[in-house]
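> Pasting a structure below so you can have a look.
Please treat every number below as a calculation from the coordinates, not as lab data. The structure presented is a predicted model; accordingly, all values stated were derived computationally and were not measured. Cβ: placed from backbone, ideal geometry, glycine included. Neighbour counts: every protein chain shown.
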Amino acid sequence: MSNIEVKKIIEPMAASDGAGVKLKRSIGTHLIDYHDPFLMLDEFGSENKDDYIGGFPPHPHRGIETVTYMLSGEFEHEDSTGAKGRMSSGDVQWMKTGGGIIHSEMPAMTEGKLHGFQLWINMPAEEKMSKPEYHYIDADKISTYKDEEKIIKIIAGEFLETKGSIKKHNIDPVYFDIELEKNKEFKHELSLSHNSFIYLIEGEINIGTKSHELIDDSTLIILTKGEYLNVCALKKSKFLLISGKPIGEPIARGGPFVMNTKEEIAEAIQDYHSGTFVK
């Protein structure tokens, strides 16, 4: 069984999105534009309300899935499917935008810490114009594995027969939130065909059997393909493990739209401006 090692360590870039929300972007930059099927990864987090109070007013998407995971704070979501909800600490929103959705995510708080992640996942050509879907997972409904060494929140995938809520997905995703005690190990088998990464939220970890440079908080670690992952916590640590099967299709980007060709991007822009975007 082949070991999974560190391939590349990437420090996120400071960015701003929505109405001036400050964030750290690690996938979707010149350092790593695309880690098939993952298009973008943002960490947003601040105790200063000026960094997040503008939120993400109504905006369109086509051809992607967005996964929003709240660690602390509250967001209110509303979209063109009629879905509404308030995301609180620990909640997950997994949204397939398909052929077109317009949504907003606005902070439901005026002070305190807001912290979370948004991941963009590509959709295969055959699903890009499908009907939008909205999947909401309350924090207390997230499957959790716990022992004396670790706590694993399983949003997607399976750990020791504990299964996540997201099932029968084309990329066979793994999305774990892992808290690991000092000097303890997390061991897991991944598919050899998958592209995978770890995002260290806080702590200090060693990955695999080969030496690598020190990894700071809020850092992306691209992993080599393999089957056996071993992570050791040098101090108490918290990190995300995300993995998925590559789609292997050409992509064309146009802001909030990700399709297969430039012509399809132009069509999405035309549909949005002509009022025919939402079917």
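> Can you tell me the FRET efficiency between Glu126 and Glu181 if r is taken as the Cβ-Cβ distance and R0 is 45 Å, rounded to the nearest 0.05?
Values: r = 44 Å, r/R0 = 0.97.
Between Glu126 and Glu181 the formula returns 0.55.
> Return, ordered by residue number, the residues of region 211-228 whose backbone nitrogen is under 19 Å from a label point located 7 Å along Cα→Cβ of Lys235.
212-220
> Would you work out which of Leu234, Ser165, Ile27 lies farthest towards the positive end of the dipole of the chain, given +1 charges on the beta-carbon of Lys and Arg and -1 on that of Asp and Glu, about the Cα centre?
Value: Ser165.
> Most fluctuating residue of Glu263, Glu127, Glu204 in a GNM of the chain with Cα springs under 10 Å: which is it?
Glu263
> How many angstrom separate the Cα center of region 171-210 from the Cα center of region 248-279?
Taking the Cα centre of each part, region 171-210 and region 248-279 sit 34 Å apart.
> Here is a further query. Report, in deg cm²/dmol and to the nearest 500, the calculated mean residue ellipticity at 222 nm for the chain, where each DSSP H run with n ≥ 4 adds -39500 (n - 2.57) and the sum is divided by the residue count.
Working: 1 runs with 13 residues, N = 279.
Mean residue ellipticity at 222 nm (helix-derived): -1500 deg cm²/dmol.
> Name the residue, out of Ile121, Ile251, Ile64, whose mean-square fluctuation peaks in a Gaussian network model built on the chain with Cα pairs under 10 Å.
Ile251
> Taking the Cα centre of the chain as the origin, how large is its charge dipole in debye, to the nearest 20, when only Lys and Arg (+1) and Asp and Glu (-1) carry charge on their Cβ atoms?
Working: 32 positive and 45 negative charges, 65 e Å.
The dipole of the chain has a size of about 320 debye.
> Next up: Nearest 10 degrees, 0 to 90: what angle lies between the long axis of helix 262-274 and the longest principal axis of the chain (Cα atoms)?
In the chain, helix 262-274 runs at an angle near 50 degrees to the longest axis.
> Mind listing the phi-derived Karplus ³J(HN,Hα) values for region 94-106, rounded to whole Hz, using 6.51, -1.76 and 1.60 with θ = phi - 60°, and x for any glycine or proline?
Once rounded to whole Hz, the list reads 10, 10, 8, 7, x, x, x, 8, 10, 9, 9, 9, 10.
> Return the label of the correct value of Cα extents along the principal axes in Å, as calculated from the structure shown, out of (1) 69, 49, 38; (2) 57, 43, 35; (3) 80, 73, 32.
(2)
> Cross-link list Lys8/Lys238; Lys96/Lys150; Lys128/Lys245: which exceed 22 angstrom alpha carbon to alpha carbon? Let's see the in-between values first.
Values: Lys8/Lys238 19 Å; Lys96/Lys150 31 Å; Lys128/Lys245 17 Å.
From Lys8/Lys238; Lys96/Lys150; Lys128/Lys245, over 22 Å: Lys96/Lys150.
> Moving on to the next point. Expected output is a single nm value to one decimal: the length gained when fully extending between Glu189 and Asp138, i.e. 0.36 nm times separation in residues minus the C-alpha distance. What is it? Intermediate results must be reported in sequence, preceding the final value.
Numbers: separation 51, 0.36 × 51 = 18.36 nm, distance 2.69 nm.
15.7 nm is the gain from fully extending Glu189 to Asp138.
> Which ordering of Ile9, Ile171 is given by a fewest-first count of other beta-carbon atoms within 10 Å?
On the way: Ile9 17, Ile171 21.
Least crowded to most crowded, the residues run Ile9, Ile171.
> Oh, and also: Starting from the 7 Å offset along Cα-to-Cβ, what nm value, one decimal, do you get for the label separation of Lys210 and Leu31?
The answer from the label model is 2.0 nm.
> Okay, moving on. Taking the Cβ of each residue in Lys24, Lys168 as the centre, tally the other Cβ atoms inside 10 Å and list the residues starting with the fewest. Provide the component values of the computation, followed by the final result.
Working: Lys24 19, Lys168 5.
With the sparsest Cβ surroundings first, the list reads Lys168, Lys24.
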